[in-house]
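Undergrad: Here it is, the structure, as structure tokens.
The values are calculated or read from the model by the stated rules, or taken from the named source; none is laboratory data. The model shown is predicted, which means the values in this text are computed figures rather than measured ones. Here Cβ is always computed from backbone atoms with ideal geometry, including for glycine, and neighbour counts include all displayed protein chains.
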């Protein structure tokens, strides 16, 4: 029975393993080029949100070698090897940050995709992955037959993506992303190293020279202290992650029970989960359902009864916003044909009856300082002949009544601004 758990079975000669460790941590020549190319590939994969490309970069990255070397050196008290391993790890980390920073600085596309976001909030689960992945990796390194674990370990422990994400955070000035990704990278490095240290101790690799008890105790104390420093915030982040998941589940249940089960089509949904001290929000927009202020207030009261405390429901009912969101969903084939027709009709109405009015008041008030508000729209005019006409109409308010000259100037300016042949203006 003991043979099932005996790590000595199938073990490679210790001298050969150590020789491989010493040669693999050398960081010069080809390894530098391989690392730079792997970093660039990973950065592109993160940028275009391609999981396959990111995995490819993990498999060719040489980052794990100096971490394993550090674990071996700590277990064997080989401080010359430790210095070399840490030096090479530092250099490779700086190279990784520099290459990813340059790439994301030059890339025109800087939106954070899911592949990037998933590397910015490490927690205790990442600690477990790094530790057990490290165990598998070191056991494989010490075998005569290396087998299949090495590629899997490279993918599971994922050193490359968080380092590239940290470079993304630097390039975009998002230091929350930079800090979170760098912490994940540190977790992976530390716990792979600790896993290596434990396996090397179990396999009884000999110490390099004489080591007194005090020095051995100091090494253990440092490992314990670093482990605690990594685990404590990881547990806290895991707690936050679990709370966020529960919040999202409650939101999903609320939306399904109150709207989707009653036939309402939701064309936009966004949830903002913040810390308990900050107001959380649920934004919804519906295809053809309108809400009064009283109904929105009633829905907010339901949130409290469902346990969604400190949460506010925001319903987006602006026609331009709805048309924009709906058009994107049609383009992405996210809405069926029936609803697509309704959305198409909505878009036609928006185009027929609205103007692009960005900075309208700001520009108008610079010409007419007494102006306090201005609005424009296309008004549908019905007549006895059953025909309809759509004409541009403008309404304004001012601190004092406009003269006829001022009204005429405002009318001509609006015609030029809105690119229409004529417009009728009225004072409110």
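Undergrad: Looking at residue 370 and the list (1) modelled with pLDDT under 80; (2) in contact with a strand residue (DSSP E or B) (Cβ under 8 Å, 6 or more places away or on another chain); (3) surrounded by fewer than 14 Cβ atoms within 10 Å (Cβ to Cβ), which single condition is not satisfied?
TA: Unmet condition: (1).
Undergrad: Within the range 234-271, work out how many residues are assigned to a strand (DSSP E or B) and at positive phi.
TA: 0
Undergrad: Out of all the residues in the range 10-29, which are more than 35 Å from the chain's Cα centre (by Cα), at pLDDT below 85 and exposed (fewer than 11 other Cβ atoms within 10 Å of the Cβ)?
TA: Matches in the range 10-29: 23 only.
Undergrad: Among the numbered criteria (1) free of Cβ contacts under 8 Å to residues at least 40 places away in the same chain; (2) over 30 Å from residue 212 (Cβ atoms), which single criterion is violated by residue 83?
TA: Here residue 83 meets the rest and fails (2).
Undergrad: Which residue, of 362, 329, is in a helix (DSSP H, G or I), out of contact with any helix residue (DSSP H, G or I) (no Cβ under 7 Å at 6 or more places or on another chain) and either surrounded by 12 or more Cβ atoms within 10 Å (Cβ to Cβ) or at pLDDT below 80 (or both)?
TA: 329
Undergrad: May I ask you to verify whether residue 228 is surrounded by fewer than 13 Cβ atoms within 10 Å (Cβ to Cβ) and free of Cβ contacts under 8 Å to residues at least 60 places away in the same chain?
TA: Spelling it out, residue 228 is indeed surrounded by fewer than 13 Cβ atoms within 10 Å (Cβ to Cβ) and free of Cβ contacts under 8 Å to residues at least 60 places away in the same chain.
Undergrad: Shifting gears a bit: Can you tell which of 68, 54, 32 is part of a helix (DSSP H, G or I), under 29 Å from the mean Cα position of the chain (by Cα), within 23 Å of residue 181 (Cα to Cα) and at pLDDT 85 or above?
TA: 54
Undergrad: Can you name the residue in the range 380-394 that is in contact with a strand residue (DSSP E or B) (Cβ under 8 Å, 6 or more places away or on another chain) and farther than 19 Å from residue 413 by Cβ and, of all such residues, is modelled with the highest pLDDT?
TA: Going through the qualifying residues, I end up with 390.
Undergrad: Sticking with this structure for a sec: How many residues does the range 124-157 hold that are crowded, with 18+ Cβ neighbours inside 10 Å, more than 20 Å from residue 5 (Cα to Cα) and either more than 29 Å from the chain's Cα centre (by Cα) or modelled with pLDDT of 85 or more (or both)?
TA: 4
Undergrad: Then there is this: Of the residues 397, 427, which is surrounded by 10 or more Cβ atoms within 10 Å (Cβ to Cβ), closer than 21 Å to residue 369 by Cα and at pLDDT below 85?
TA: On the way: 397 fails: at pLDDT below 85.
Testing whether each residue is surrounded by 10 or more Cβ atoms within 10 Å (Cβ to Cβ), closer than 21 Å to residue 369 by Cα and at pLDDT below 85 leaves just 427.
Undergrad: Among the residues of the range 196-206, are any in contact with a helix residue (DSSP H, G or I) (Cβ under 6 Å, 6 or more places away or on another chain) and more than 21 Å from residue 64 (Cα to Cα)?
TA: no
Undergrad: Same structure again: Hey, residue 56 hits all of (1) surrounded by 15 or more Cβ atoms within 10 Å (Cβ to Cβ); (2) in contact (Cβ under 8 Å) with a residue 40 or more places away in the chain but one; which does it fall short on?
TA: All conditions are met except number (2).
Per-residue answers, yes or no, for (1) assigned to a helix (DSSP H, G or I); (2) more than 30 Å from residue 220 (Cβ to Cβ); (3) touching a strand residue (DSSP E or B) at 6+ places or on another chain (Cβ under 8 Å):
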| position | (1), (2), (3) |
| --- | --- |
| 21 | yes, no, no |
| 27 | no, no, no |
| 49 | no, yes, no |
| 74 | yes, no, no |
| 80 | yes, no, no |
| 94 | yes, no, no |
| 111 | no, yes, no |
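Undergrad: For the range 272-299: of the residues being part of a helix (DSSP H, G or I) and at pLDDT 85 or above, which is farthest from residue 121 (Cα to Cα)? Break it down into steps so the answer makes sense when it comes.
TA: Quick first cut of the range 272-299, residues part of a helix (DSSP H, G or I) only: 293-299.
Now drop any that are not at pLDDT 85 or above, which leaves 294-299.
Numbers: 294: 38, 295: 37, 296: 33, 297: 34, 298: 35, 299: 32 Å.
That would be 294.
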